[in-house]
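Colleague: I'd like to ask some things about the structure below.
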There are 2 protein chains.
Amino acid sequence: MTITYPRLNRDGAEPLWMQLMRALRAEIDSGELGPDQPLPSEAELSDMFSVSRTVVREALRELVQQRLIYKIKGRGAFVSPRKTELRFVGTTSGSADDLRESGRRVTTQTIHQSLGQADEREAALLRIPRGEEVVRLRRLRCVDGQPWLLVDTALPARLVPGLERAVLENQSLYDVLRRRYGIEPAAADRWIEAVFPDSEDAALLEVSTSTPLLGIESVAWLDDNTRFEAYYALHRSDQTRFYVGIR
Amino acid sequence: MTITYPRLNRDGAEPLWMQLMRALRAEIDSGELGPDQPLPSEAELSDMFSVSRTVVREALRELVQQRLIYKIKGRGAFVSPRKTELRFVGTTSGSADDLRESGRRVTTQTIHQSLGQADEREAALLRIPRGEEVVRLRRLRCVDGQPWLLVDTALPARLVPGLERAVLENQSLYDVLRRRYGIEPAAADRWIEAVFPDSEDAALLEVSTSTPLLGIESVAWLDDNTRFEAYYALHRSDQTRFYVGIR
DNA sequence: CCCGGCAGCCTGTCGTGACAGGTTGTCGAA
DNA sequence: TTCGACAACCTGTCACGACAGGCTGCCGGG
């Protein structure tokens, strides 16, 4: 391997293992390291970057977790043959945090934010009368600049007064709900299907209308069974796979 | 905390961190440690079990991964509240039962059944050496005569001797595993993506190759972390939507 | 040419020590 | 009683060292 690696920044601003992880991931993402190609051994990486093996192992562990590489018992680490994938736990609260923790830059822009009256579908999902006021949000979430998730959310206005004017840019909606309205999600139902986007959604997600996407419908409720949120999300599964853990 | 912990076995048969992880998990499972209760600090655990902090951190890391505990920045580890557990009604045994209960006729035919050697992907998923023997199954599940799910499963032959000759027609694989091999699934990871089928799969599912399908990759394991099953399923989401309940 | 043994490489595991920075609880001053 | 400062605690991060056991590749013998 004759790749010139970036020098690591030692000012303590960012852990060494994360910088190393990012450097290796960049090689993989860019295709410098192809599927099933071996990575240097831990000792070699340790030398190349002048860090301890602790740091190297930390970085490799993270990459394995992200399924970008796999390890063979006693033999070394290899680039995963599968396409690049992000890890995605649940869908809402946790997922963006997890991505951030794994060293990705997650941004969220609000495309639309308004007060309206619940249509049939929203009313049924939220278990409120049709016509009751709802706050509608349309938000686009990007990971490392790549469009990733397009979410249309509806919340009963009664539960979240003023949300239609709140600044949600780059904030977790669940954080806002928790801090501002004391809303603690208790449970949720979700349904997943494979669909094509319409032209507007396709444009926002920067895919063609013949790209298969994951469509995720969700309803979340409080301890007392009050439905507080319904959304439909379109998810680029070429970028990320939807992760579900069963325990 | 006045719990008496088991002494760790130092004969090298099992890593110390795994024993420690198991000991802590037993406390949680048994209810000795309730939801949101704090665990002893790393230093305390290190003293209590006479192991280095390396070992303690390894064990805690695994428990976090299993979502049995969560950590608070700079404050310690806590037992996860039960209610955030992910429950999941999806593609395996449970879902077929649900469908049957709702009056549908669920049939399963085995298309392929053989003994082979683990390829790279199977080896990585099942955490076995490449080339180790695996039983491969290809099964098509229909609901009311409509193709619904196409599953390619791989299981380590070591764990399920003779499965390559077993008659699986219209049986739940999990039932067979339980009754015949005493296999009790403890947990699983699943990843979902939207994909197009190849022509062979499309023919079996009776769809065109341009129909978006759900692709579901799954790994399931036992209590002791042994991976016993990996599968990739193709799911017609025009027929049924994939359901995920979060409790 | 084939095969078996052995050296060397590599990971997994474990221990020790160290320091920065954040959090908490306490205690005394106001 | 309230508030602010300080000490104690705790995790995250990093370095270095050590050893067992598995795997590979090479080399020499048959």
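Colleague: Collect the residues in segment A:174-190 that are within 19 Å of the chain's Cα centre (by Cα) and either assigned to a strand (DSSP E or B) or of a type in the set (Asp, Glu) (or both), keeping them in residue-number order.
Modeller: A:Asp175, A:Ala188, A:Asp189, A:Arg190
Colleague: I would also like to ask the following. State whether the residues of segment A:14-34 include one that is more than 13 Å from DNA strand D (Cβ to nearest atom), over 20 Å from B:Glu58 (Cβ atoms) and within 14 Å of another protein chain (Cβ to nearest Cβ).
Modeller: yes
Colleague: So, one more: Can you find a residue that is of a type in the set (Phe, Trp, Tyr), crowded, with 17+ Cβ neighbours inside 10 Å, out of contact with any Phe, Trp or Tyr (no Cβ under 8 Å at 6 or more places or on another chain) and within 14 Å of chain B (Cβ to nearest Cβ) anywhere in segment A:173-184? Please lay out each step first, then the result.
Modeller: Filtering segment A:173-184 down to residues of a type in the set (Phe, Trp, Tyr) leaves A:174, A:181.
Still in the running and crowded, with 17+ Cβ neighbours inside 10 Å: A:174.
Within this subset, residues satisfying the condition of being out of contact with any Phe, Trp or Tyr (no Cβ under 8 Å at 6 or more places or on another chain) are A:174.
Okay, now just the ones that are also within 14 Å of chain B (Cβ to nearest Cβ), so A:174.
Yes: segment A:173-184 contains one or more residues that are of a type in the set (Phe, Trp, Tyr), crowded, with 17+ Cβ neighbours inside 10 Å, out of contact with any Phe, Trp or Tyr (no Cβ under 8 Å at 6 or more places or on another chain) and within 14 Å of chain B (Cβ to nearest Cβ).
Colleague: Under 7 Å by Cβ, and 6 or more places apart or on different chains, what pairs join a residue from segment A:56-81 that is more than 8 Å from chain B (Cβ to nearest Cβ) with one that is away from DNA strand C (no atom under 13 Å from the Cβ) and in a strand (DSSP E or B)?
Modeller: A:Ile69/A:Val79
Colleague: I would also like to ask the following. Picking from B:Leu60, B:Leu45, which residue would you name as being closer than 25 Å to B:Gly74 by Cβ and over 27 Å from the mean Cα position of the chain (by Cα)?
Modeller: B:Leu45
Colleague: Do we find that A:Ala188 is more than 10 Å from chain B (Cβ to nearest Cβ), more than 26 Å from B:Phe196 (Cβ to Cβ) and open to solvent by less than 10 Å² (accessible area, probe 1.4 Å) in this structure?
Modeller: On the way: more than 10 Å from chain B (Cβ to nearest Cβ): no; more than 26 Å from B:Phe196 (Cβ to Cβ): yes; open to solvent by less than 10 Å² (accessible area, probe 1.4 Å): yes.
For A:Ala188, the condition - more than 10 Å from chain B (Cβ to nearest Cβ), more than 26 Å from B:Phe196 (Cβ to Cβ) and open to solvent by less than 10 Å² (accessible area, probe 1.4 Å) - is not met.
Colleague: Among the residues of segment A:124-134, count how many are open to solvent by less than 10 Å² (accessible area, probe 1.4 Å) and out of contact with any Gly (no Cβ under 8 Å at 6 or more places or on another chain).
Modeller: The total comes to 1.
Colleague: From the residues in segment B:89-119 that are polar (S, T, N, Q) and in a loop (DSSP other than H, G, I, E, B), which one is modelled with the lowest pLDDT?
Modeller: Among them, the one singled out is B:Thr91.
Colleague: Go through segment A:17-52 and report how many residues are closer than 19 Å to B:Ala124 by Cβ, surrounded by 20 or more Cβ atoms within 10 Å (Cβ to Cβ) and either of a type outside the set (A, V, I, L, M, F, W, C) or modelled with pLDDT of 90 or more (or both).
Modeller: Result for segment A:17-52: 1.
Colleague: Still on this structure, I have one more. Give the number of residues within segment A:151-173 that are touching an Asp or Glu at 6+ places or on another chain (Cβ under 6 Å) and assigned to a strand (DSSP E or B). Walk me through it before giving the result.
Modeller: At the first step, the residues of segment A:151-173 found to be touching an Asp or Glu at 6+ places or on another chain (Cβ under 6 Å) are A:154-155, A:157.
Applying the additional criterion that residues be assigned to a strand (DSSP E or B) yields A:154-155.
Qualifying residue count, segment A:151-173: 2.
Colleague: Find the strands (runs of 3 or more DSSP E) located wholly in segment B:191-247 whose residues include 3 or more that are modelled with pLDDT of 90 or more and more than 8 Å from chain A (Cβ to nearest Cβ), and list them. Even if it seems obvious, please write down each step before you answer.
Modeller: Details: elements: B:213-221, B:227-235, B:242-246.
Because the criterion is at least 3 residues that are modelled with pLDDT of 90 or more and more than 8 Å from chain A (Cβ to nearest Cβ), the strands (runs of 3 or more DSSP E) in segment B:191-247 that meet it are B:227-235.
Colleague: Run B:Glu122 past the list (1) outside any strand (DSSP E or B); (2) more than 13 Å from chain A (Cβ to nearest Cβ) and report the number of the one that doesn't hold.
Modeller: Just one mismatch for B:Glu122, condition (2).
Colleague: List the pairs whose first member sits in segment B:20-46 and is β-branched (Val, Ile, Thr), whose second member is assigned to a loop (DSSP other than H, G, I, E, B), and whose Cβ atoms are under 7 Å apart, counting only residues at least 6 apart or on separate chains?
Modeller: Note: pairs meeting the criteria are B:Ile28/B:Leu68.
The values are calculated or read from the model by the stated rules, or taken from the named source; none is laboratory data. Because the structure is predicted, anything quoted here is derived from the model rather than measured. Here Cβ is always computed from backbone atoms with ideal geometry, including for glycine, and neighbour counts include all displayed protein chains. What goes into the accessible areas is simple: the full protein's heavy atoms, side chains included, and nothing from ligands, DNA or RNA. Shrake-Rupley method; radii C 1.70, N 1.55, O 1.52, S 1.80 Å.
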